[in-house]
Each structure stands twice: as structure tokens, then as C-alpha cells.
1. Collect the residues in segment 71-102 that are modelled with pLDDT of 85 or more and part of a loop (DSSP other than H, G, I, E, B), keeping them in residue-number order.
2. For the condition farther than 18 Å from residue 99 by Cβ and among the basic types (Lys, Arg), what is the one hit in 16, 60?
3. Hey, among the residues in segment 1-23 that are of a type in the set (Gly, Ala, Ser) and closer than 18 Å to residue 87 by Cα, which one's modelled with the lowest pLDDT?
4. Which ones in segment 30-67 are in contact (Cβ under 8 Å) with a residue 24 or more places away in the chain, part of a loop (DSSP other than H, G, I, E, B) and of a type in the set (Gly, Ala, Ser)?
5. Among residues belonging to segment 30-45 that are out of contact with any helix residue (DSSP H, G or I) (no Cβ under 8 Å at 6 or more places or on another chain) and within 16 Å of residue 66 (Cβ to Cβ), point out the one that is modelled with the lowest pLDDT.
Amino acid sequence: MLAAIAVPNFLRFGCRSKQSEAKGNLKAFYVAAQSYRQEHGAFTESFDAMGFQPKGYKLRYRYVVKHIDDDTFTAMAVSGIEATFVGDAWSMNEKQELTHLADGCQ
């Protein structure tokens, strides 16, 4: 009976720890995007131009820019690279608002 309670809790804990990759990388993207905008007057879609490289031993998310113009952006982290962890999505905008779009830890 103890295992019936402990195992699902352990799996949820592991799943939540994987989500820290998305949140940390989106925050790093925000810093890189704002720094680029300060120097060049507008945001860019180019990760290379702004010096953004997702960090992680084993990346579990794809990072994409869904919307960008001179004053606004929406960046997304979408899980699915690892077959055992799918259905999780996060977004962050130019106001540093982090939104959990889909929860893959249910």
C-alpha cells in the first residue's frame, strides 16, 4: 500500500524537476532578448544573434519564438524530445510573464 502512494508521488516529483529546464531556459532567453533589444533597438528571432543557447545535460524541450516584433515577443518551450515526457508547454513574453500552457506531469 505504501508503494501505491510513494511511486506516483516520486514520478510527479521527477516530472516537476524536468520542468525546471523549461523555466530556467525561458528566463535565460528573456535576458538575452532584452539585452539584444537594448543594443539594437528591436527583438530578433535569431538565437545566435542574441547569444541564446538552451542549457541542460539532456534537453527535453524544443525552444521556439512564436511571435516577435520590435517591442514584443512570445517564446515557447514545448516538451516532446524525450518520448517519456510529452505534453508539457510553457511560454514567456517580453514582460517576463511565465505561463504554463499544458501540464505533462498529470
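The values are calculated or read from the model by the stated rules, or taken from the named source; none is laboratory data. None of these values were measured; they are calculated from a predicted model. Every residue, glycine among them, receives a Cβ derived from its backbone with ideal geometry; neighbour counts consider all protein chains shown.
1. Hits for segment 71-102 are 71, 72, 88, 94, 95, 96, 97.
2. Result of the check over 16, 60: 60.
3. Among those residues, the one meeting the criterion is 14.
4. 41, 42, 56
5. 45
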